[in-house]
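Right, one structure below, let's go through it.
The values are calculated or read from the model by the stated rules, or taken from the named source; none is laboratory data. Because the structure is a prediction, the values reported are computed rather than measured. Because the Cβ atoms are built from the backbone with ideal geometry, glycine has one as well, and the counts that use them run over all protein chains shown.
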Amino acid sequence: MATGSSRSDSNPTIISGAWLASPGLGPTASEAAAGHSIIAEGAVVVVDSTIIDVGDRHEMARRYPDAVTHHRPSSLLIPGMINAHAHLPMTMFRGLVDDIDLSAFLATVIPLEDAVLTAETVSLATELALVESFLAGVTSTLDMYFFHDAIFDVARRLGFRLFAGPILIDPFPGPLVDGVVAADRVDRATDWLSGRGDAGLGGGVVHAHSGYLTSPQMLEAAAELSDQFGVPLHVHAAESADEVAQIRERFDASPIEHLARHGCVSGRSVLAHCVHATASEIELIAEAGATVSHCPASNLGLASGVAPIPEMVRRGVNVAIGTDGPASSNNLDVRAAGRLAALLSKGTSGDATVLAADDLLARCTVGGALAVGRGTDLGRLLPGYRADVVVVDLSGPHHLPVHEPVGSLFSCGQGSDVTDVWVDGIQRVRDRQVVGVDMPALADRVSELGMHVRTKVAI
């Protein structure tokens, strides 16, 4: 059995397990879930970065006798999961600001960021975040944070699929932690998107922080950039009751109405949180074809509330799953966030069928792919799609007996169940270790960073 981390440029590779589960074709996550398939003794065949065939592993071996084979008995193969909202470098603040609400969280974290953020600290914290993501079966992330070029550098080095870009935010005219003044942000963003920097395996994004920290003029600029360059527009929306009150007082509108007035609710928009979205706002989101990134762990931890996900699903909104930053959610495990989303939705709606396992898998994969504009080549294990493949070990006692593998993935699973990960056809996790990362050395460097961070805040 081969275990190399590199791919052969034209040699087929077969990755197989006891089961293969994939959302089917369809323009929405719900339709993809309805067309899902589970193949016993399933396999994908990969050439270069692309899946060329899917089926029974014995048949795939007959079709491709010269293929390099990776067989994982007692395991489930799924598409790489996509984190639809995160702030990856906030691993450096994990556990430092627990048990406070969003307003207090921001009041603590923003001065702390001013004190410790540099391209170097962001790079180190990002490396930790990407290792954590890989080990949880997450192969792509939509990330909003300062020093996006430094974050892209780490993603390219580790082979992670990152979707990120410049943030349009102007709470005051002077420079923020990245050294950019408000008056220069739109021009800087335009220049970056014009060249797209080097987005590696992922892609460029324009971020408008929120309706309360981004002016109406800058919201409109973000919408124009999204249209001009055909990239996602990523924005926080209706996260807390305090935000709702602020937006109502300043602009005589609800948060999502305010964003819509300035062009930020469209088919390319990714609206993070939407905890306090009203029925009329959900209708507006659905009609626009925007995505809602649901981050239940962060919303609960910050006492922001519970998003009305069952109603969004009923209205056909593309609900994707995010973790938010690890300073508020405390981890980057999309599967765990999906499980929590399902439990909350069932409990608050009284409908035990909402976010069933197949639908949940689609929202952790296809939902995120649609959010970042990659619904035609990410999020599914189908011919023609990128070879982002995750192997999940279902042999642990917490899974047995396995009656329904996708149900077991979400109802019984743990992040440590992920054994192997391929991104774009290259193995990035082998036997629960990220290829090319010296984890003890990384842990030492992160611990030193943690000590530095603690010197900047009273705890």
Worksheet item: Counting just the residues of segment 243-268 that are assigned to a loop (DSSP other than H, G, I, E, B) and in contact with a Pro (Cβ under 9 Å, 6 or more places away or on another chain), which one comes out farthest from residue 218 (Cα to Cα)?
Response: 268
Item to complete: Residue by residue through segment 433-450, note down the ones that are within 24 Å of the chain's Cα centre (by Cα) and either of a type in the set (Asp, Glu) or under 16 Å from residue 420 (Cα atoms) (or both).
Response: 433, 434, 435, 436, 437
Discussion item. Just to be sure before I move on: is residue 238 in the same structural domain as residue 280 (by TED's automatic domain parsing), without any contact (Cβ under 8 Å) to a residue 60 or more places away in the chain, closer than 22 Å to residue 367 by Cα and in contact with a His (Cβ under 6 Å, 6 or more places away or on another chain) in the structure I sent?
Written reply: yes
Discussion item. It is to be established whether one or more residues within segment 274-284 are at pLDDT 95 or above, in contact with a Lys or Arg (Cβ under 8 Å, 6 or more places away or on another chain) and more than 30 Å from residue 153 (Cα to Cα).
Written reply: yes
Discussion item. Go through segment 402-459 and report how many residues are crowded, with 21+ Cβ neighbours inside 10 Å, out of contact with any helix residue (DSSP H, G or I) (no Cβ under 6 Å at 6 or more places or on another chain) and part of a helix (DSSP H, G or I).
Written reply: 4
Fill in: Single condition residue 38 does not satisfy, out of (1) out of contact with any helix residue (DSSP H, G or I) (no Cβ under 7 Å at 6 or more places or on another chain); (2) farther than 28 Å from residue 155 by Cα; (3) of a type in the set (Val, Ile, Thr)
(1)
Discussion item. Out of the residues in segment 24-34 meeting the condition of being out of contact with any Gly (no Cβ under 6 Å at 6 or more places or on another chain) and under 13 Å from residue 356 (Cα atoms), tell me which one is surrounded by the fewest Cβ atoms within 10 Å (Cβ to Cβ).
Written reply: 34
Item to complete: Select from segment 349-380 the residues that are of a type in the set (A, V, I, L, M) and under 12 Å from residue 25 (Cβ atoms) and list them in ascending order.
Response: 362, 366
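So, of the residues in segment 192-213 that are free of Cβ contacts under 8 Å to residues at least 60 places away in the same chain and touching a Pro at 6+ places or on another chain (Cβ under 9 Å), which turns out to be nearest to residue 152 (Cα to Cα)?
Per the criteria, the residue is 204.
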Item to complete: Inspect segment 67-81 for any residue being among the basic types (Lys, Arg), surrounded by fewer than 23 Cβ atoms within 10 Å (Cβ to Cβ) and assigned to a strand (DSSP E or B) and give the result as yes or no.
Response: yes
Worksheet item: Can you pull out the residues in segment 134-149 that are surrounded by fewer than 24 Cβ atoms within 10 Å (Cβ to Cβ) and among the charged types (D, E, K, R)?
Response: 149
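Yes/no matrix, rows are residues, columns are (1) in the same structural domain as residue 409 (by TED's automatic domain parsing); (2) within 19 Å of the chain's Cα centre (by Cα); (3) at positive phi:
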position	(1), (2), (3)
275	no, yes, no
281	no, no, no
293	no, yes, no
305	no, no, yes
331	no, yes, no
Discussion item. Return the residues of segment 43-66 that are touching a strand residue (DSSP E or B) at 6+ places or on another chain (Cβ under 8 Å) and either within 18 Å of residue 366 (Cβ to Cβ) or assigned to a loop (DSSP other than H, G, I, E, B) (or both); say none if nothing qualifies.
Written reply: 44, 49, 50, 51, 54, 64
Worksheet item: Here are some conditions: (1) within 13 Å of residue 136 (Cβ to Cβ); (2) surrounded by fewer than 21 Cβ atoms within 10 Å (Cβ to Cβ). Residue 339 meets all but one. Which one does it not meet?
Response: (2)
